[in-house]
Amino acid sequence: MQKLVIASNNQGKLREFQRMLAPLGIEVLTQSQLGISEAEEPHCTFVENALAKARHVSRESGLPALADDSGICVDALGGVPGVISARYAGDNPKSDARNNEKLLREMQGVTDRHAHYYCVLVLVRHADDPQPLIAEGEWHGMIAHEERGDGGFGYDPMFWLPELDRMSSELDHDEKAQLSHRAKALKVLLEKLKM
């Protein structure tokens with residue numbers, strides 16, 4: 001595989017994928033570079049949304065496509081925000097700051113602050129690929145009582161890693177590339193590609 005289209009317009013995700021895939025010599029294109037619109041994400045599971053995005057981008061580009069669907073799942077909230085993590089506070093427009101504010105409000109007075117980031121990656125070799133490659137990754141931590149740090153994106157400023165006593169927004173790129181849910185899923189995917 002020499003070229004791959006990433007089915008996302010999220011700049012944070014795109015930077016992570018480009019860094020992680022660069023050593024493989026795969027040319028990474030983005031759907032926006034090819035003028036491809038975003039796919040609908042009507043499903044209630046991460047895997048269904050990722051598959052829909054991958055098939056859409058592959059169909060439009062004629063190239064293999066890699067899609068990610070990921071989010072943060074908070075135990076005390078029954079897994080919310082989950083698949084709507086990027087749109088938790090609404091999508092007109094989507095806003096990390098508003099999503100974080102809403103989650104902090106929802107967590108007021110909640111003692112169980114356990115949460116995890118979840119990522120599913122789906123790679124299709126072509127739009128009708130009957131055997132898409134699917135990989136998952138989880139990253140466990142806790143929701144802090146306030147935001148801290150200026151790195152990362154999404155919920156990173158409030159995702160506390162007890163074993164490191166830092167927020168994910170305080171990790172450098174190399175640390176995050178080893179620990180994150182997306183990094184873990186990508187490692188699984190790369191192993192599947194080698195088979």
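Specify the residue with the greatest mean-square fluctuation among V120, V80, V47, computed from a Gaussian network of the chain linking alpha-carbon atoms under 10 Å apart. Answer for the Gaussian network model of the chain: V80. In plain terms, the residue of D68, D112 with the fewest other Cβ atoms within 10 Å comes first and the most crowded comes last, giving D112, D68.
Diffusion coefficient of the stretch 1-102 by Stokes-Einstein, Kirkwood radius over Cα pairs, 25 °C, 0.890 mPa s: 168 µm²/s.
Sequentially through the stretch 53-62, phi angles give Karplus couplings (6.51, -1.76, 1.60; θ = phi - 60°) of 5, 5, 5, 4, 5, 5, 4, 6, 9, x Hz, Gly and Pro residues having no value and appearing as x. A Förster radius of 30 Å, combined with the Cβ-Cβ distance separating A97 from Q178, puts the computed FRET efficiency at roughly 0.65. Of all DSSP-defined beta bridges confined to the stretch 3-194, some 80% are antiparallel rather than parallel.
Projected over all directions and averaged, the alpha-carbon convex hull of the stretch 1-56 occupies 4.1 nm². For the chain, a simple Cβ point-charge model (Lys and Arg +1, Asp and Glu -1, everything else neutral) yields a dipole of about 500 debye relative to the Cα centre. Put in order of Cβ neighbour count within 10 Å, fewest first, the listed residues V28, V83, V124, V110 become V110, V28, V83, V124.
Taking the fewest neighbouring Cβ atoms within 10 Å as the starting point, the ordered list for C73, C119, C44 is C44, C73, C119. All alpha carbon pair distances within the stretch 3-194 were sorted into 5 Å bins beginning at 0; the resulting P(r) in whole percents reads 1, 8, 16, 21, 20, 16, 10, 5, 2, 0, 0. A straight chain from Q108 to H126 at 0.36 nm per residue would run longer than the Cα-Cα distance by 1.9 nm. Coordinate range of the alpha-carbon atoms in the stretch 134-184 per principal axis, descending: 34, 21, 19 Å. Between L190 and D150, full extension at 0.36 nm per residue minus the direct alpha carbon distance yields a gain of 11.4 nm. For the stretch 56-129, the convex hull drawn through the C-alpha positions has a volume of 98 cubic angstrom per residue. Between L179, L24, L171, the GNM of the chain built on Cα springs shorter than 10 angstrom shows L24 fluctuating the most. Would you work out which of L161, H145, H181 lies farthest towards the positive end of the dipole of the stretch 141-182, given +1 charges on the beta-carbon of Lys and Arg and -1 on that of Asp and Glu, about the Cα centre? In the stretch 141-182, that residue is H181.
Rule-based calculations on the coordinates, nothing more; no lab input. Predicted, not measured: the structure shown is a model, and the values here were computed from it. When we count neighbours, we look across all protein chains shown, and the Cβ atoms used for this are built from the backbone with ideal geometry, even at glycine.
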